[in-house]
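All remarks here apply to the structure that follows.
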Amino acid sequence: MADLAPVILLIEDEPEMRRFLRAALGTESVQLVEAATAREGLAQAAGRKPDLVLLDLGLPDGDGIDVTRRIREWSGVPIIVISARGQESDKVAALDAGADDYLTKPFGVPELLARMRVALRHAARLASGKDEPIFVSGDLRVDLGRRQVLVGEKEVHLTPLEYKLLTAMIRHAGKVLTHRHLLKEVWGANTADQRHYLRVYMTQLRHKVEKDPTRPRLLLTEPGVGYRLQVS
Amino acid sequence: MALSSRPRPEDLLEKIRAEEARAAKGLLKIFFGANPGVGKTFAMLEEARAKRAEGVDICVGLVETHGRPETAALLSGLEQLPRRTVEHRGVTLTEFDLDAALARRPTIVLVDELAHTNAPGSRHERRFQDVEDLLAAGISVWTTLNVQHLESLNDVVAQITGVQVRETVPDAFFDDADEVELADLTPDDLLRRLQQGKVYLAEQAELARDRFFRKGNLIALRELALRRVAERVDAQMRGYMRDHGIREIWPAGERLLVCVGANPAAARLVRAGRRVAATLRCDWIVVHVETPGTALRESDREALVETLRLAEEFGAQTVTVTGHNVAEEILSYAAANNVTRILVGKPTHSLWRDKLFGSSLDRLIRGSGDVDVYVITGDAGEGEPRVRRVAARRSMPWAEYGFTLLIVGLATALGWLVFRRLSVTDVAMIYLLGAMVVASRCGRGPSVFGALLSIALFDFLFVPPFYTLEVADLSYLLTFGTMLAVALLISGFTLRIRQQAELARERERRTAALYGLSRDLGNTRSRDEVVKAARQHLEDSFGCMVQVLAPGPDGRLGALEPIARVPVLDEKELGVADWAYRRAEMAGAGTATLPGANALHLPLTGASGAVGVMVVASPDIERFQEPSQRHLLEAFAGQVGVALERVTLAERTQQARLEVEAERLRTALLSSLSHDLRTPLSVITGAASSLRERGDQLAPETRRELLESVLEQAQRMNRLIGNLLNMIRVETGTLQVQKEWQSLEDPIGVALIRLGDRMAQHPVKVNLAPDLPLVPFDAVLLEQVFINLLENAAKYTPPGTEVEIAAEPAPGAVVVSVMDRGPGLPPGEQDRIFEKFYRAPEVLPTGGVGLGLTICRGIITTHGGRMWAENRPDGGAIFRFTLPIAGRPPADLPLEEAESLR
């Protein structure tokens, strides 16, 4: 992310958290714009056209979910939501409102940087309009052009729905995907409440793709929120 | 020798109670008179003006001026409440507005004509019920009443004047009034006033005027009124004597039993009974003997209900006993209840019946022994109601006639066979046997029919001249007569036995129903269960639908879960229920209060008063007017009330216990917090400060070590806070479980990843049964369970030992085990380890707060499962829990074509 020094907008009301993030991102070549309230954040988002938004869910003057929704009205900028553990339903709501990813407090700097990298890369790929024909992560290699799935050297056979689920995960690799999002993408619009479909197919997929399905390394569960495809 | 002695404590207590009740209630003052026109309203208004002049908040609820200028003039200065208008059959009536009076809340309200009957659709049938409500609300009431409206004097007045007054007021009302003021006028003065047109008469009274306002009548009525007031003064005198400990000769333990039948005239007997009881100042009981196998006529049944209700209004205890022999039942009841006097009506039936069957009255008098028996005049019932006989088994008369034909046919066939060889007497014997068989099995009709048929066939076939109904030898007539008599006798006996059996069965059913209810209620632990048991038994025993209402935290009545569809509790029914609850009296359909309601409302009373209301709906709600049914229903309500009170008290105790527990938790939490949060904090502070101050001088490895410990301790604090938060959620019951159908693999995988390095020293084996079904659970919470259990295993077992997670299906659940190879659990502590702040005796320095397992158990319990611990036979500990599989997954998965990808 060194080429153009992306603009990062941090909307966070706690001065300590801002100080910490300022220090953590100081070594990276990014331009950090800070906002302490939802209103200021929205103004900065419109004015500075950031490449990425780090948004705290608990703001004094408004709901982070609302901020997400407002930004999404006119911008596709990647949004990473920061929240405390135990607010799973807020996270899901923010993700369903259009946020790209989330971080649970407390988190480490490497984790933050990794999420930012994924989000920026994803946005760049969307902008260029090009999809990588081949996805590789760990032992998994998927050739999207030839519809071929390899684990190590071995080809695995997936049912059409399993494959559809896998490709949906690949399209957003590295990002968390809510149950609702995946159901809509794989099964269609009216299945948002049928989460057990998703769970059953995810289990099947893990048994075919993961080395140890009880300890998945690729298809990760984000408890209470959804799933994430690990990128290596 | 009127001796002063100390009043009995119970009397004093009674008096204090009465005074307390009176303090809360309004005072009732009655302006009492012998007949219309004596100036009751006038006296009342004059006094009201005087009161108002004293500054008392007094207003007029309703006073009829009857167009008389003097009354109107008195009324003019007083505040008058608006009246309520009621449309009834096209006529607009104005009525006293109870709600307006309750809302206005004056100190005293004037309500004329206590005996008035309200227009249909009013809250109460009668005005005195309105007055009761006012008094209960703490509003004092002044009202007027004529002597002929007093219930107990009703028929005496009717005898004197020949006018039957329908609007009567219970005597208790008069007796309990706080003040009675007599408005008196001599008959001559009254007649003069009448002639001058100063007395207003209602239209219907106009007709009776000549009969009513005869001088003789007026004198008699005046005497009645004066006597009634004198009686009251006498009672007051006695009360005074009791209060002040003045001894008197008390009638020793008199008790009167009044026997009533099911006829309209029985009410007279009850009134007479009241007078006797009042004179003797004794308890009295009104008894009705029900004879089994007899069904009362509808009108008689109503009369009986009315009679018993009247008796209860007069303060008598009413009892219905069942038995064949009226006299015997009465005497045994009297003996069992220390009755000293029995009051019965003179028999009305003809003498021959007594000669034939014996007289109940005769038997009663002969068997009465020490008990005095009073027989009073007239058309009163003597205990035996007019009845129509019902066959005990009316359901299958045709089957019985068929059976009769079959038996007679068989007898004829058998007779035909033996007739050749044996004599005609033997054939008669066979027919007799047949008649006996029929009589012992069937009702009277088929028995007589069988006997007659047998006689006819016997005569036709076997008695010379053959094949005619003529009889040559007259001695056969004796045979015929015997057959008929035998049939009648046996069928009579059979009928009686069957009736007794039926009666016993009925009693048995009632007892069984009550016993069943009390047994089921005894097992209830929650309000839900009480409601369910009550509903179940009322439906089984009465076929009616029930709601149970109890006051909520705001004091308003609300239906208890589970709520049934019927009876519907709309605003109106809730109002009735509220009345029944506050007054602890029955109300609604089939009662005198708010009879327009759809359902019957029974107060549920426990030892400490009303605890709720049972609302009963049934297509034939009227049958609860019948005393036996009503008493049974009341017995049910009593049981339910006691049970409801019991579980409510138990819930309260439980609540108090929980509060104590919560208090204990808070204390323990505080002490533990101060220790467990400060330890990591001091590490972090120490490490961070030394890095800031001397960072440059430290060796790189030391710096790294310090930074590691900061991170480690911060994570430890994070986990601790997470556990504390979960603990609070479990404890306060705010733990939100979002169950979804999923596989157990998921939370185990997530837990293992989140634990990361903490399990580095312990290889974890996951062993899930291949046929493990989907289970409904909350993934986030279950993940916490696995993390806590695995962390515990890591903490308490030596490095390098294996930890195994296993899950297998069980009936209706999945059993999950987390097994380690550590030292196992201290013996006897298997359950204590789940207690809050429990720590193993040899607690390690890294030990947590001791909440992990408590939270696990809390989470599993909230899921409806169970968690326990045991030791492995070959060393180590097992933590096991069950997750129930309730219901089915929401829908089957859509089938996917078996075809796999290329």
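Before moving on, here are some points about what is shown:
- Qualifying positions in the range B:166-189 - without any contact (Cβ under 8 Å) to a residue 60 or more places away in the chain and either part of a strand (DSSP E or B) or touching a Gly at 6+ places or on another chain (Cβ under 8 Å) (or both): B:V169
- Total residues in the range B:732-746, condition among the β-branched types (V, I, T) and under 14 Å from B:L883 (Cβ atoms): 1
- Only one of the listed residues (B:R657, B:R716) is touching a Pro at 6+ places or on another chain (Cβ under 7 Å) and either more than 30 Å from B:P595 (Cα to Cα) or within 14 Å of chain A (Cβ to nearest Cβ) (or both). That residue is B:R716.
- Hey, B:V147 crowded, with 20+ Cβ neighbours inside 10 Å and touching a Phe, Trp or Tyr at 6+ places or on another chain (Cβ under 9 Å) or not: yes
- Residue identified as outside the structural domain of B:L98 (by TED's automatic domain parsing), among the acidic types (D, E), out of contact with any Asp or Glu (no Cβ under 7 Å at 6 or more places or on another chain) and in a helix (DSSP H, G or I) among B:E634, B:E585: B:E634
- Filter pass, A:L177 being away from every other protein chain (no Cβ under 12 Å), surrounded by 17 or more Cβ atoms within 10 Å (Cβ to Cβ) and more than 21 Å from A:A97 (Cα to Cα): no
- Condition check for B:D97: of a type in the set (D, E), touching a Ser or Thr at 6+ places or on another chain (Cβ under 7 Å) and surrounded by 18 or more Cβ atoms within 10 Å (Cβ to Cβ): no
- Check on B:T648, of a type in the set (S, T, Y) and closer than 28 Å to B:L569 by Cβ: yes
- Residues in the range B:752-769 that are in a loop (DSSP other than H, G, I, E, B) and either within 11 Å of chain A (Cβ to nearest Cβ) or closer than 18 Å to B:G800 by Cβ (or both): B:A760, B:Q761, B:H762, B:P763.
- Only one of B:A806, B:A793 that is part of a helix (DSSP H, G or I), at pLDDT 85 or above, assigned by TED's automatic domain parsing to the domain that holds B:I878 and surrounded by 14 or more Cβ atoms within 10 Å (Cβ to Cβ): B:A793
- In the range A:50-80, residue surrounded by the fewest Cβ atoms within 10 Å (Cβ to Cβ) [restricted to those that are among the charged types (D, E, K, R) and farther than 20 Å from A:R115 by Cα]: A:E73
- Being within 23 Å of A:P223 (Cα to Cα), within 16 Å of the chain's Cα centre (by Cα), of a type in the set (A, V, I, L, M, F, W, C) and away from chain B (no Cβ under 14 Å) holds for only one residue in A:L120, A:L126, A:L113, and it is A:L113.
- The set of residues from the range A:188-207 being touching a residue at least 12 places away in the same chain (Cβ under 8 Å) and within 11 Å of chain B (Cβ to nearest Cβ) comprises A:R195, A:Y197, A:L198, A:Y201, A:M202, A:Q204, A:R206.
- Sole residue being surrounded by 16 or more Cβ atoms within 10 Å (Cβ to Cβ) and either among the small types (G, A, S) or in contact with a strand residue (DSSP E or B) (Cβ under 9 Å, 6 or more places away or on another chain) (or both), chosen from B:A501, B:A487: B:A487
- Residue in the range A:31-43 that is at pLDDT below 90 and among the hydroxyl-bearing types (S, T, Y) present: no
- Considering the range B:254-284, and only residues there that are assigned to a strand (DSSP E or B) and in contact with a Cys (Cβ under 8 Å, 6 or more places away or on another chain), the residue that is surrounded by the fewest Cβ atoms within 10 Å (Cβ to Cβ) turns out to be B:R255.
- Within the range B:83-162, helices (runs of 4 or more DSSP H) holding 3 or more residues that are in contact with a strand residue (DSSP E or B) (Cβ under 6 Å, 6 or more places away or on another chain) and modelled with pLDDT of 85 or more: B:127-136
The values are calculated or read from the model by the stated rules, or taken from the named source; none is laboratory data. From a predicted model like this one, the values you see are computed outputs, not experimental measurements. Reconstructed Cβ throughout: ideal geometry from the backbone, glycine too, with neighbour counts over all protein chains shown.
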